[in-house]
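Here is the structure we will look at, set down as structure tokens.
The values are calculated or read from the model by the stated rules, or taken from the named source; none is laboratory data. Just so you know, these numbers come straight off a predicted model, no measurement behind them. FYI the Cβ positions are ideal-geometry reconstructions off the backbone, even for glycines, and counts take in every protein chain you see.
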């Protein structure tokens with residue numbers, strides 16, 4: 001892999017037209033990655049999902065060079081109907097379209113910052129890989145006091161032109177004071193066996209509100225890793241919803257730093273898996289100051305030898321008195337071969353806090369099935385109804401009604 | 001109330017902190033094959049036992065000291081320790097208590113463990129371990145009548161080799177991990193219990209561990225075998241003198257429960273915790289593991305952990321037999337600069353297995369406490385159940401309380417439920433108690449005892465009283 005990576009890196013750099021200094025920085029990250037390689041189960045954070053093995057098994061040899069000189073045709077049929085929205089379209093990792101047609105132009109600034117590399121403070125070698133190989137990186141600034149009229153949908157589309165490729169994406173968002181952004185990530189893959197490595201950074205200034213919905217619904221054989229870093233200042237709110245279902249492997253990480261008083265973070269997630277899929281959500285909520293709140297709810301329905309992992313950590317600094325931190329994960333295992341692993345972790349250094357976590361996993365409740373069948377439903381209907389209700393709980397947590405309905409339609413949940 | 005106050009006053013400092021001035025025989029300092037041969041030789045062990053030790057030592061040399069635990073400690077120089085220390089008077093095994101060195105008798109009397117049978121402790125048989133040797137075992141005759149073997153493990157190696165050979169290392173294999181393997185190489189003494197088929201042990205069996213010599217590591221080994229349909233309740237207590245240096249205690253405890261057998265293992269651990277500034281104290285790195293080998297067997301661990309500078313242990317149950325049950329009840333209290341990383345592992349292998357974990361952690365002062373546990377339901381363990389509850393109580397914002405559970409469910413017929421909370425003593429509760437005339441300290445004591453009640457109830461009567469007092473003392477000075 002090393003030679004391939006080095007070669008692909010040189011090719012990528014050639015196409016990029018970077019300053020000598022930036023090339024040095026990229027080389028530094030490449031060397032870091034070459035030293036560490038893909039994370040494996042020896043690393044605590046990857047204990048349940050050995051991505052090194054997973055890539056080897058599912059993809060084999062990866063190639064890291066992507067030719068972004070020619071444009072791809074944007075297929076408008078993938079766009080969401082019935083909801084007016086702004087768009088960013090990635091096709092095979094190349095940004096094809098940025099369109100904020102519904103918004104006031106002067107309130108949104110898009111900065112091409114390919115040449116300034118922003119470092120992520122996590123020891124994960126995938127961030128090194130991302131730093132070394134991303135070729136275009138934008139920063140989107142929502143100006144002070146501006147609240148986007150329509151949601152922004154980011155389409156992550158891949159098609160059969162790529163195979164065994166590694167794609168690295170990076171986006172940076174700054175939400176200035178009193179601004180608001182609703183963001184949907186929609187994954188749309190018709191490609192197979194690629195590894196997507198996506199890093200987002202959000203900086204929320206005072207009173208800003210971020211709502212991020214990640215939807216990975218369509219069946220595909222890709223492997224994905226996504227990392228969201230969210231910095232929260234005073235009175236900010238972040239809401240993250242993850243529907244983890246379509247890809248062969250998907251690990252979503254959310255790292256939330258609650259730095260300002262009265263900031264709060266919500267993370268809700270659904271795993272709906274079948275056919276040997278393996279998904280993970282890992283959250284780290286850092287309560288760094290007084291009067292902050294976090295709430296997490298993760299529900300899983302697992303079929304046919306699928307595997308879901310939830311690692312959630314609540315960290316409370318010794319200054320962070322009056323913290324509320326809650327975490328709940330529930331899983332229904334429908335098949336003998338399915339597996340649910342959880343590591344709900346609390347690390348607490350302040351005494352005036354209320355923190356709790358709960359985790360439960362098991363089969364469908366036979367009594368409930370019996371009850372429904374006694375009222376005339378057949379087994380499958382009863383099962384469907386119970387699963388529906390189980391998952392609806394999470395979807396109901398979505399605070400934006402438009403998007404809630406959109407997601408309900410997508411997963412076919414009925415009320 | 002006044003009496004309680006007096007009692008607390010009396011026990012304010014670590015009352016077991018005295019040391020006994022007694023002449024010792026020690027192995028040469030350091031760890032090498034010669035020292036192991038020395039230990040084996042002193043114990044007059046058969047060849048197979050020496051081979052067992054040497055095999056463990058070979059393995060030990062290849063192992064790396066683990067470093068994933070939360071409480072970090074300065075490097076231990078394993079060549080700077082004595083691996084064997086015994087009172088000289090124990091050189092020739094005394095035949096009865098009358099021959100026992102009066103200094104030893106005095107020591108145990110001071111610890112509140114009378115060895116003379118006339119001062120019988122409500123029908124508890126005691127095996128007293130002093131540094132590296134077992135000095136006395138009481139009530140042996142009475143137990144033998146029922147076929148129960150209760151003796152130091154060094155005697156069992158000589159008198160019951162077939163049992164020891166069969167079970168030693170069967171739960172904690174030689175190659176297990178750094179400290180367990182070290183123990184297998186150099187263990188000195190400990191208790192051996194065998195309960196024959198169908199016998200319900202008529203009294204509580206107990207071991208009292210005492211570290212006395214300085215610069216010594218204590219490596220004891222306990223093996224308890226409950227044959228088909230038998231029952232035993234076993235207690236363990238520990239203390240050590242106050243010394244400025246840290247001392248290592250790395251014990252192995254193995255439990256084997258055959259068909260329909262039940263073992264109840266209770267620990268009140270009160271090793272010297274170090275002084276207020278965190279100087280000195282015992283490193284308590286213990287491997288405890290129980291195997292529910294037979295059908296319908298049950299193993300239950302209860303622990304009250306108040307001592308030690310660092311406690312690092314996970315009493316575990318391997319539920320191999322169908323319908324077997326594992327339980328873990330724990331109170332861990334850390335104060336001043338103490339650190340604890342403790343919890344349990346419940347490994348479900350058999351069908352219809354059940355486990356329950358109740359863990360209560362209290363941290364005060366500058367201490368740090370971690371609950372770390374694993375619940376693993378394998379794909380074959382259909383219809384199994386686990387319930388876990390771990391609650392932490394924090395006193396002050398200089399201490400930490402952490403929960404790190406690992407939950408693995410590979411079986412759709414099985415249920416796992418896990419709950420954890422962290423909080424402090426609420427103002428309302430305190431107010432309510434104080435309004436009724438209790439001082440702040442008393443109120444905290446009362447609330448903490450209530451918090452721990454579920455676990456304290458699991459302890460045998462005599463221990464429960466002791467433990468309850470200990471809980472109060474350990475938190476002394478942490479309020480207000």
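Points worth noting:
- Assessment of the range A:345-353 against the conditions (within 14 Å of chain B (Cβ to nearest Cβ), touching a strand residue (DSSP E or B) at 6+ places or on another chain (Cβ under 6 Å) and closer than 18 Å to residue A:280 by Cα) yields at least one matching residue.
- Considering only residues in the range A:72-81 that are touching a residue at least 24 places away in the same chain (Cβ under 8 Å) and farther than 21 Å from residue A:193 by Cβ, the one that is surrounded by the fewest Cβ atoms within 10 Å (Cβ to Cβ) turns out to be A:79.
- Test: residue in the range B:364-376 that is more than 25 Å from the chain's Cα centre (by Cα) and either surrounded by fewer than 23 Cβ atoms within 10 Å (Cβ to Cβ) or within 10 Å of chain A (Cβ to nearest Cβ) (or both): no
- The lone exception for residue B:422 - which of (1) at the interface with chain A (Cβ under 10 Å from one of its Cβ atoms); (2) assigned to a strand (DSSP E or B); (3) without any contact (Cβ under 8 Å) to a residue 60 or more places away in the chain; (4) surrounded by fewer than 24 Cβ atoms within 10 Å (Cβ to Cβ) it fails: (4)
- Flag for residue B:389 being touching a helix residue (DSSP H, G or I) at 6+ places or on another chain (Cβ under 7 Å), surrounded by fewer than 19 Cβ atoms within 10 Å (Cβ to Cβ), more than 7 Å from chain A (Cβ to nearest Cβ) and not in a loop (DSSP other than H, G, I, E, B): no
- Residue check for residue B:352: more than 9 Å from chain A (Cβ to nearest Cβ), surrounded by fewer than 22 Cβ atoms within 10 Å (Cβ to Cβ), touching a residue at least 60 places away in the same chain (Cβ under 8 Å) and not in a strand (DSSP E or B): no
- Residues of the range A:43-58 satisfying the condition of being buried (at least 17 other Cβ atoms within 10 Å of the Cβ), within 13 Å of chain B (Cβ to nearest Cβ) and not in a loop (DSSP other than H, G, I, E, B): A:45
- In the range B:396-416, of all residues being surrounded by 22 or more Cβ atoms within 10 Å (Cβ to Cβ), within 28 Å of the chain's Cα centre (by Cα) and facing chain A (nearest Cβ under 7 Å), the one that is farthest from residue B:326 (Cα to Cα) corresponds to B:400.
- Qualifying residue in the range A:351-363 (condition: modelled with pLDDT of 90 or more and farther than 30 Å from residue B:360 by Cα): no
- Residues in the range A:316-346 that are farther than 30 Å from residue B:380 by Cα and buried (at least 21 other Cβ atoms within 10 Å of the Cβ): A:316, A:320, A:323, A:325, A:346.
- Remark: residue B:118 falls outside the filter, which requires a residue to be out of contact with any helix residue (DSSP H, G or I) (no Cβ under 9 Å at 6 or more places or on another chain) and at pLDDT 75 or above.
- Evaluated against (1) away from chain B (no Cβ under 13 Å); (2) part of a strand (DSSP E or B); (3) within 25 Å of residue A:385 (Cα to Cα), residue A:284 falls short on exactly one condition, (3).
- Screening residue B:339 on (1) at pLDDT 95 or above; (2) closer than 23 Å to residue A:344 by Cα shows it passes everything except condition (1).
- Every test in (1) in a helix (DSSP H, G or I); (2) within 14 Å of chain A (Cβ to nearest Cβ); (3) free of Cβ contacts under 8 Å to residues at least 12 places away in the same chain is passed by residue B:453 save one, and that test is (2).
- Residue within the range B:62-83 that is at pLDDT below 85 and on the phi > 0 side of the Ramachandran plot present: no
- The strands (runs of 3 or more DSSP E) found entirely in the range A:91-199 that carry 3 or more residues being crowded, with 20+ Cβ neighbours inside 10 Å are A:152-158, A:166-175, A:180-189.
- Given (1) surrounded by fewer than 24 Cβ atoms within 10 Å (Cβ to Cβ); (2) farther than 17 Å from residue B:306 by Cβ, index of the condition residue B:346 fails: (1)
Rundown of residues vs (1) under 23 Å from the mean Cα position of the chain (by Cα); (2) closer than 28 Å to residue A:277 by Cβ; (3) surrounded by fewer than 17 Cβ atoms within 10 Å (Cβ to Cβ), yes/no style:
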site: A:6; (1), (2), (3): no, no, yes
site: A:60; (1), (2), (3): no, yes, yes
site: A:66; (1), (2), (3): yes, yes, no
site: A:70; (1), (2), (3): no, no, yes
site: A:86; (1), (2), (3): yes, no, no
site: A:89; (1), (2), (3): yes, yes, no
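- Residue match in the range A:14-23 (condition: modelled with pLDDT under 85, assigned to a loop (DSSP other than H, G, I, E, B) and surrounded by 17 or more Cβ atoms within 10 Å (Cβ to Cβ)): yes
- Subset of the range B:159-214 [over 25 Å from residue B:59 (Cβ atoms) and over 21 Å from the mean Cα position of the chain (by Cα)]: B:159, B:160, B:196, B:197, B:198, B:199, B:200, B:202
Condition check ((1) modelled with pLDDT under 95; (2) assigned to a loop (DSSP other than H, G, I, E, B)) across all residues:
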site	(1), (2)
B:247	yes, no
B:271	yes, yes
B:274	yes, yes
B:282	yes, no
B:294	yes, yes
B:299	no, no
B:302	yes, no
B:308	yes, yes
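- Qualifying residue in the range B:425-438 (condition: buried (at least 21 other Cβ atoms within 10 Å of the Cβ) and within 14 Å of chain A (Cβ to nearest Cβ)): no
- Condition check for residue B:428: more than 27 Å from the chain's Cα centre (by Cα), in a helix (DSSP H, G or I) and at pLDDT below 85: no
- Some residue of the range A:386-399 being in contact (Cβ under 8 Å) with a residue 24 or more places away in the chain, in contact with a strand residue (DSSP E or B) (Cβ under 9 Å, 6 or more places away or on another chain), within 13 Å of another protein chain (Cβ to nearest Cβ) and outside any strand (DSSP E or B): no
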